[in-house]
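Comments concern the structure below.
The values are calculated or read from the model by the stated rules, or taken from the named source; none is laboratory data. Owing to the predicted nature of the structure, the values given are computational and were not obtained by experimental measurement. Positions of Cβ are backbone-derived with ideal geometry, glycine not excepted, and every protein chain shown enters the neighbour counts. Surface areas here come from the heavy atoms of the whole protein model, side chains and all, with no ligands, DNA or RNA. Shrake-Rupley method; radii C 1.70, N 1.55, O 1.52, S 1.80 Å.
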Amino acid sequence: MPGRPPLPVSFYYGWVIVALAFWTMAFTITSRFAFGIFQVPLIAEFGWGRGALGGAYALMLIVYAIVSPFIGSLFDRRGPRAVVPLGSALVGAGLALGFFVSELWHMYAFTGLVMGIGSAMSGFALNSAMMPRWFQRKRGAATGIALSGSGVGILLLIPAIERLIAGAGWRAAYLAFGLLVLAGFAPVLGLLLRDRPGDVGQAVDGLPPAPGPAPLPETGHAVPLRQVLAGVRGERNFWALAAIVFFLGLGNNTILSQLHIYLVDAKFTTASSALIFGSVGAIRMAGSMILGWASDRIGRPRAQAAALAITAAGLAILLLLPALGSPPWMGWLFALVFGIGMGGTGTCHSAMAADSFGGRSFGAVMCLLEIAFGVGGALGPPLAGLLFDWTGSYRIPFSFILAGLGAALCVALFVYEPPARRPNVS
């Protein structure tokens, strides 16, 4: 806040911010994709259709899309510390309220509304937007590490949630996960998160502060959201990035929200399915860091195209799995290939957006782009569930996602225009 003296530290505090973003992503993203694990016992107990239950997931993404631009503008005005801890608390509250679910509308209220707002305040866009505040030279690597937290969360928490459901029931699992986020992590964010290097007496990349008086805080002087939108809506790269992230939202949310039940349908046990799901998260972490590092060297569009191609290959393996008798090794091969690609796509998208639009309104720009992600994520899961209810197969929606990944690859290579690299700070 204005007038607060810098926090003296003997190391670059940007890496603390990366660590906080890492764990925020671990809890926030896993809370969204854990829907796929809870879906199995909820359907078994209440008899809800996959399409109807998927509507709660869709509402979460619709709310995410609607509120994201306003959250991004608040982020630019007030800084991460005023937004992200509250978002984590809302995510935890939405999960804990799952303990009380007894009607379908409860899922729409707790998962759709509460977690939708919480995810917008502590999810991909804002954690991505924090990185340019702290890093220029190692932006791709820092972003890759931060966003790879979602992979660790999926690896550690998804199998744990499945085992807790098997041993204590889905209500206890909801309550335990929610309290872990609400009481165990959100307070840590409130204590340690800082808005910018100046808050700890440092400069971007850990360089010595410029001589002279410290600059005044920038919060409270962000460009209004209408002006941000007016400034980017004519930009080719904005629409290219929106198209890419639409297909990412469609694909990632559809596949991961349906993956557990898809593998159970294919005769995997719930435990082995959860382990495969968790492995996607671990490998996603590696893909995020490797392709984030590669994007600093071979260029963002090439790295993004490679990530999209790898993701499509993983989805193709998943589509072929039932036809080939669902051999276990094929499930693990899917996890390997899809995880690498999925990790790279998010990191490269974030770095491409930072290259094109990094600045004081970057939080608002990222959240405007998240509208496309939310629309894709809102369309995919309920439509996939409805198509399964009608046809008994996921072949049609998964094939459409394959085509969408190919379209996004073409946009990355032939529509997006890499901006000239900014000179390094010296």
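A few notes on this one:
- 3J(HN,Hα) from dihedral phi, the stretch 340-355, Karplus parametrisation 6.51/-1.76/1.60, rounded to Hz, x for glycine, proline: 4, x, 4, x, x, 5, x, 5, 5, 4, 4, 5, 4, 5, 5, 4
- log10 of Debye I(q)/I(0), alpha-carbon scatterers only, for the stretch 61-107 at 0.15, 0.17, 0.26, 0.31 Å⁻¹: -0.52, -0.63, -0.98, -1.09
- Size descriptor, Kirkwood hydrodynamic radius, that averages inverse alpha-carbon separations across the stretch 1-139, Å: 16.3 Å
- Rg/Rh, computed from the Cα trace of the stretch 266-319 with Rh as the Kirkwood radius, has the value 1.10.
- Convex hull projection area averaged over all views, the stretch 261-357, Cα basis, nm²: 6.1 nm²
- Fraction of accessible area attributable to carbon and sulfur, the chain (%, probe 1.4 Å): 70 percent
- In terms of packing, defined here as the mean over residues of other Cβ atoms within 10 angstrom, the peptides 113-122, 159-168, 14-23, 130-139 line up highest first as 113-122, 130-139, 14-23, 159-168.
- At q = 0.20, 0.24, 0.29 Å⁻¹, base-10 log of I(q)/I(0) for the stretch 253-295 (Debye sum, equal scatterers on each alpha carbon): -0.65, -0.78, -0.94
- Note on the stretch 105-169: the alpha carbon radius of gyration divided by the globular reference 2.2 N^0.38 Å gives 1.49.
- Placing +1 on the Cβ of every Lys and Arg and -1 on the Cβ of every Asp and Glu, with nothing else charged, gives the chain a dipole about its Cα centre of roughly 760 debye.
- Rounded to 10°, Cα long-axis angle of helix 236-265 versus longest principal axis of the chain: 30 degrees
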